[in-house]
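I have placed the structure first, in the form of structure tokens, so that the comments after it can refer back to it.
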Amino acid sequence: MIARPAWLLLTSLALLLAFGLASGGLLDESLWNDEAWTAWAVQPPYLAETLARVRGDVHPPLYFLALAGWTRAVGDSVYALRLPSALFGLLALAGVYAAGSRLLDRQTGLLALALLATAGFFIYYTREARMYSLLLALGALAVWLYLRWWARPNVRRGLLYGGLLAALLYTHYAGALLALTLLVHTLLFLPRRGRGPGRPNSTAAEYSSDRRSTPKAGDAGHIVGSWGGVFPYALALGLFAPWLPVFFGQMRANPNGPLALPVPTDWGTLAALALIFTGGHWLLPLLPFAPVWGALPVPRLRGALPLLALWLLLTPAVLLALNAWAAPVYQVRYTITVLPAGALLVAWGLRRMPLPARAALLLALAAAQLSAYPAIWPGKPPWEAAIRQVIAARGPLEPAITDFAPYSPAAYYGRALHFRRGITLDLSWRLHHAGELRDLLAAFDTAESVWTALPANTAKTWHIVTLLDAGRGIGYRAALMNMIFYRFDRDAAGDLRFRFGDQVRYVDGPDAGQQFDLRRGDSLCADFTLQALEAVDGRFSTGLHLVDITGGRSAAQHDAGLGSWAAGDFIHLSPCLDIPPQAAPGYYHLELAVYNWSTSQRLPVIEDGGGDGLDWGDVMRLAAVNVGE
């Protein structure tokens with residue numbers, strides 16, 4: 001039997017090693033989109049403004065308010081933004097150990113801690129400035145408090161447990177599914193008097209003196225008889241009630257689920273979830289359950305199994321069901337609260353093994369999880385390196401034109417690295433029509449070089465780049481995600497050239513430097529020339545759309561099949577658009593897309609004036625159109 005100080009030392013050492021593993025990679029990668037949004041949300045000097053920004057998102061506010069207070073004290077560097085996630089991960093591991101010790105025994109809790117600390121799922125989110133490691137920490141602590149409340153229910157424990165459930169709800173809406181898990185377990189098993197999940201039949205003699213963790217006969221019956229069994233859940237709901245109107249408003253604003261790309265409910269999604277949970281090593285987590293083991297005295301799993309099974313299965317099952325039949329709400333990160341249940345089950349299996357085999361398999365599992373991390377959790381886009389490279393190449397007197405969304409990684413690193421130092425025209429504060437842009441760019445007519453750092457998918461960018469390219473050549477070109485970086489030089493050669501995938505090149509026609517002034521009811525006809533880069537069959541069509549620059553609504557469109565062509569053939573098109581009589585007066589632009597008509601999938605628009613092709617989205621935004629009365 002290991003003495004309590006030795007357990008404390010072992011656990012502390014394991015926690016320190018886990019913290020070092022997580023925190024050691026906090027600066028390895030740049031912030032990505034979601035983290036940059038976090039940095040933007042917590043940036044205002046007043047918490048009320050942070051709260052207002054969160055209300056307009058799809059998440060509850062606890063993490064953001066806590067991080068806003070933290071950054072007031074230590075700043076908003078990348079390390080400062082991510083460090084709380086590593087600390088929350090440390091708290092999660094302590095919660096898993098505490099819950100495992102109470103549910104099974106200390107050895108199982110420590111083994112589960114080690115398994116969780118090396119899991120890629122855990123490591124990734126302890127290195128990210130988002131709320132998921134806090135969600136995991138509160139989830140593990142909620143289970144631990146649930147077991148304590150179960151073992152000896154009283155008002156104080158009920159208040160603590162209910163308050164923690166409320167914090168779970170205020171951290172992420174997926175936390176409600178863990179609360180549901182515990183409520184279901186309460187309703188199913190509390191009527192069985194005196195039989196709780198907290199080691200009622202433990203064989204670990206070292207716990208015989210721990211009276212506080214052993215359920216007493218009659219406690220459960222007393223709770224159910226007085227309806228006290230649902231008191232913590234009612235308390236949590238009551239504490240969360242003030243946020244419910246905001247929650248429903250967020251759901252109405254995003255009826256199709258979260259802003260992330262939807263994931264279907266199918267076997268591929270289930271396989272991906274299993275891959276992430278096992279690290280791709282399907283056999284290793286099953287080895288501890290081989291029938292050859294079992295000679296050692298271990299805590300019985302019978303009382304703990306229903307809770308572990310519910311904990312492991314209910315959250316992903318409900319998310320996938322909602323995803324299939326309600327709205328596309330499933331994202332694998334929303335299942336992070338179930339990680340401890342899987343770790344505890346595998347840890348219990350390891351407890352059945354002789355010590356040498358147990359140690360060897362634990363090391364193998366940890367090594368397998370760590371080695372699989374780079375393949376399963378791909379790296380984040382190198383925003384810091386891209387911005388630094390442009391800053392290093394830009395001369396001190398060379399003007400730049402920027403349009404960074406304030407919540408983007410480009411905006412964060414632009415601010416942190418002083419990208420706008422010097423002569424900079426910032427266009428991010430509102431929309432600009434083509435005429436305004438032409439007047440603004442006139443100020444740079446005498447500059448030898450002009451830089452642009454712009455999103456590739458806006459009409460504003462197309463107009464700016466086309467106007468600059470008319471009298472200059474490209475001296476620098478790079479792209480990252482949806483941002484493009486160019487330097488236009490007077491003495492450089494080479495014009496912008498665009499192609500649609502590998503199928504056709506845009507040779508001639510209207511460009512974004514042109515403007516048509518029309519009235520409602522007029523017709524707009526344009527001549528285009530494309531060139532087939534490879535044999536083109538009848539699968540492709542062209543779409544010419546007239547789009548409102550403010551709302552992105554299509555006012556008129558012309559779609560036609562592209563036909564069949566041999567490689568090298570020139571394709572001449574002369575589509576016409578009728579401006580509808582009901583079209584609102586204002587500013588529009590022409591969009592040209594090439595798509596596979598059978599799948600409606602657009603070909604990517606690639607700028608390949610030199611070097612690697614730069615991705616500009618899936619549509620060419622061409623001439624400006626001013627529609628009058």
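Scanning the range 64-110 for residues that are touching a residue at least 60 places away in the same chain (Cβ under 8 Å), more than 25 Å from residue 149 (Cβ to Cβ) and part of a loop (DSSP other than H, G, I, E, B) turns up just one, 77.
Cβ-Cβ distance below 6 Å, separation of 6 or more or different chains: which pairs start in the range 277-302 with a residue that is in the same structural domain as residue 109 (by TED's automatic domain parsing) and closer than 17 Å to residue 355 by Cα and end on one that is acidic (Asp, Glu) and buried (at least 18 other Cβ atoms within 10 Å of the Cβ)? Taking only residues 6 or more apart or on different chains, the pairs are 299/105.
Of the set (1) in a helix (DSSP H, G or I); (2) closer than 30 Å to residue 62 by Cα; (3) aliphatic (A, V, I, L, M), all apply to residue 287 but (2). Checking the structure you have, find out if any residue of the range 454-470 is surrounded by fewer than 20 Cβ atoms within 10 Å (Cβ to Cβ), at pLDDT 95 or above and in a helix (DSSP H, G or I). Checked the range 454-470: no residue is surrounded by fewer than 20 Cβ atoms within 10 Å (Cβ to Cβ), at pLDDT 95 or above and in a helix (DSSP H, G or I). If I ask for residues that are over 15 Å from residue 406 (Cβ atoms), surrounded by fewer than 17 Cβ atoms within 10 Å (Cβ to Cβ) and of a type in the set (Gly, Ala, Ser), which ones from the range 28-65 would you list? Result: 48, single match.
Being assigned by TED's automatic domain parsing to the domain that holds residue 186, surrounded by 15 or more Cβ atoms within 10 Å (Cβ to Cβ) and aromatic (Phe, Trp, Tyr) is the requirement here; does residue 267 meet it?
No, not satisfied.
For the range 490-521, which residues satisfy the criterion of being acidic (Asp, Glu) and surrounded by fewer than 18 Cβ atoms within 10 Å (Cβ to Cβ)?
So in the range 490-521, the residues acidic (Asp, Glu) come out as 491, 495, 502, 508, 511, 517.
Scanning the range 490-521 gives 491, 495, 502, 508, 517.
Condition first: in contact (Cβ under 8 Å) with a residue 12 or more places away in the chain and outside any helix (DSSP H, G or I). Can you find one or more residues in the range 34-42 that meet it?
From the range 34-42, those in contact (Cβ under 8 Å) with a residue 12 or more places away in the chain are 34-42; that's our starting set.
Adding the requirement that they be outside any helix (DSSP H, G or I) leaves 42.
So far as the range 34-42 goes, yes, one or more of its residues are in contact (Cβ under 8 Å) with a residue 12 or more places away in the chain and outside any helix (DSSP H, G or I).
Can residue 492 be described as of a type outside the set (D, E, K, R), in a loop (DSSP other than H, G, I, E, B) and either within 20 Å of residue 621 (Cα to Cα) or touching a Phe, Trp or Tyr at 6+ places or on another chain (Cβ under 8 Å) (or both)?
On the way: of a type outside the set (D, E, K, R): yes; in a loop (DSSP other than H, G, I, E, B): yes; either within 20 Å of residue 621 (Cα to Cα) or touching a Phe, Trp or Tyr at 6+ places or on another chain (Cβ under 8 Å) (or both): no.
It is false that residue 492 is of a type outside the set (D, E, K, R), in a loop (DSSP other than H, G, I, E, B) and either within 20 Å of residue 621 (Cα to Cα) or touching a Phe, Trp or Tyr at 6+ places or on another chain (Cβ under 8 Å) (or both).
Consider residue 612 carefully, then state whether it is surrounded by fewer than 20 Cβ atoms within 10 Å (Cβ to Cβ), in a loop (DSSP other than H, G, I, E, B), without any contact (Cβ under 8 Å) to a residue 12 or more places away in the chain and in the same structural domain as residue 504 (by TED's automatic domain parsing). Against the criterion (surrounded by fewer than 20 Cβ atoms within 10 Å (Cβ to Cβ), in a loop (DSSP other than H, G, I, E, B), without any contact (Cβ under 8 Å) to a residue 12 or more places away in the chain and in the same structural domain as residue 504 (by TED's automatic domain parsing)), residue 612 qualifies.
Residues that are in contact (Cβ under 8 Å) with a residue 40 or more places away in the chain, under 27 Å from residue 550 (Cβ atoms) and hydroxyl-bearing (Ser, Thr, Tyr) within the range 573-603 comprise 587, 588, 595, listed in sequence order. Residue 448 meets the conditions (1) over 31 Å from the mean Cα position of the chain (by Cα); (2) buried (at least 21 other Cβ atoms within 10 Å of the Cβ); (3) closer than 16 Å to residue 393 by Cβ; (4) not β-branched (Val, Ile, Thr) in every case but one. The failed one is (2).
A single entry from 344, 370 fulfils the requirement of being assigned to a helix (DSSP H, G or I) and either surrounded by fewer than 17 Cβ atoms within 10 Å (Cβ to Cβ) or free of Cβ contacts under 8 Å to residues at least 40 places away in the same chain (or both): 370.
Is it the case that the range 367-375 has a residue that's more than 23 Å from the chain's Cα centre (by Cα), in the same structural domain as residue 95 (by TED's automatic domain parsing) and more than 30 Å from residue 450 (Cα to Cα)?
Looking only at the range 367-375, we keep the residues that are more than 23 Å from the chain's Cα centre (by Cα), and these are 367-368.
When the remaining residues are screened for being in the same structural domain as residue 95 (by TED's automatic domain parsing), the result is 367-368.
Filter again for more than 30 Å from residue 450 (Cα to Cα), leaving 367-368.
There is at least one residue in the range 367-375 that is more than 23 Å from the chain's Cα centre (by Cα), in the same structural domain as residue 95 (by TED's automatic domain parsing) and more than 30 Å from residue 450 (Cα to Cα).
Residue 471 meets all of the listed conditions (1) over 28 Å from residue 555 (Cα atoms); (2) of a type in the set (Gly, Ala, Ser); (3) in the same structural domain as residue 565 (by TED's automatic domain parsing) but one, namely (3).
Does residue 505 satisfy the condition of being outside the structural domain of residue 399 (by TED's automatic domain parsing), of a type in the set (D, E, K, R) and either more than 40 Å from the chain's Cα centre (by Cα) or farther than 27 Å from residue 401 by Cα (or both)? Against the criterion (outside the structural domain of residue 399 (by TED's automatic domain parsing), of a type in the set (D, E, K, R) and either more than 40 Å from the chain's Cα centre (by Cα) or farther than 27 Å from residue 401 by Cα (or both)), residue 505 qualifies.
The values are calculated or read from the model by the stated rules, or taken from the named source; none is laboratory data. This one's a predicted model, so the numbers in the text were calculated from it and none came from an experiment. Glycine also receives a Cβ, built like all others from the backbone with ideal geometry; neighbour counts cover every protein chain displayed.
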